[in-house]
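Below is one structure; the comments refer to it alone.
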Amino acid sequence: MPEPTVDLTPLGLLAEDADDLSVISAALQDAVVKLGDIRWEPATRQLTLALNRYRWEGESRTSERVRAGLQLGSVLSVQARKLKRDAPRAVVELLDVAFEPGEAPGGVILLKFAGGADLRCQVECIDAVLTDVSAPWPAKSKPTHQD
């Protein structure tokens, strides 16, 4: 029986509405990020995260992760809750990226992390880009979730 074809095409996604953002959220479920790899640039109104994301879309029989970048544009402000700013090497697991509508087309993009931590980003509009920036590598394990 032939081996399944492994897709190594880097993922690249753009979100301009809540439905698009839910696709990015699915791709980022269980991504891990060092707190020092989260950068808020008020002058350019951008929030950037460098993450190691689990490749849920991969057809490989093995679990894989890939280095990826998430950039949110049109960010007016960022509030952090339960994230240790003085621990840049601390690692957190991203569980969800959600949108709470406000005055159209703006609202809040909420990045929810394990342990009840989150980043609340007030945005003018949804302007998000997710891009893989490395080749995949074997993951130690496949993420699991309790019901």
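For this structure, a couple of remarks:
- In the context of the full protein assembly, Asp86 retains an accessible surface of approximately 130 Å², using a probe radius of 1.4 Å and ignoring ligands and nucleic acids.
- Anchor Lys84: aspartates and glutamates whose Cα lies under 12 Å away (excluding residues fewer than 8 positions away in-chain): Asp118
- Loop-located GluC sites (Glu not before Pro) in region 58-147 (DSSP state not H, G, I, E or B) with no more than 11 neighbouring Cβ atoms inside 10 Å: Glu59, Glu103.
- Fraction in percent of alpha-carbon pairs per bin - 5 Å, region 62-147: 3, 12, 17, 21, 20, 15, 9, 3, 0
- Counting heavy atoms of the protein chains alone, Lys84 has an accessible area of about 140 Å² for a 1.4 Å probe.
- For the chain, the share of accessible area belonging to carbon and sulfur comes to 51 percent (1.4 Å probe, ligands and nucleic acids excluded).
- Extending 7 Å from Cα along the Cβ direction at Gln122 and again at Leu14 yields two label points whose distance is 2.8 nm.
- Using the 1.4 Å probe convention, the accessible area of the chain works out to 59 Å² per residue with neighbouring protein chains retained.
- Rounded tilt (10° steps) of 18-28 against the dominant C-alpha axis of the chain: 50 degrees
- Debye intensity ratio I(q)/I(0), log10, the chain, q values 0.09, 0.10, 0.13, 0.18 Å⁻¹ (C-alpha model): -0.28, -0.35, -0.58, -1.06
The values are calculated or read from the model by the stated rules, or taken from the named source; none is laboratory data. Owing to the predicted nature of the structure, the values given are computational and were not obtained by experimental measurement. Note that we place each Cβ from the backbone using ideal geometry, even for glycine, and neighbour counts take in every protein chain shown. Accessible surface areas use protein heavy atoms only, side chains included; no ligands, DNA or RNA. Shrake-Rupley method; radii C 1.70, N 1.55, O 1.52, S 1.80 Å.
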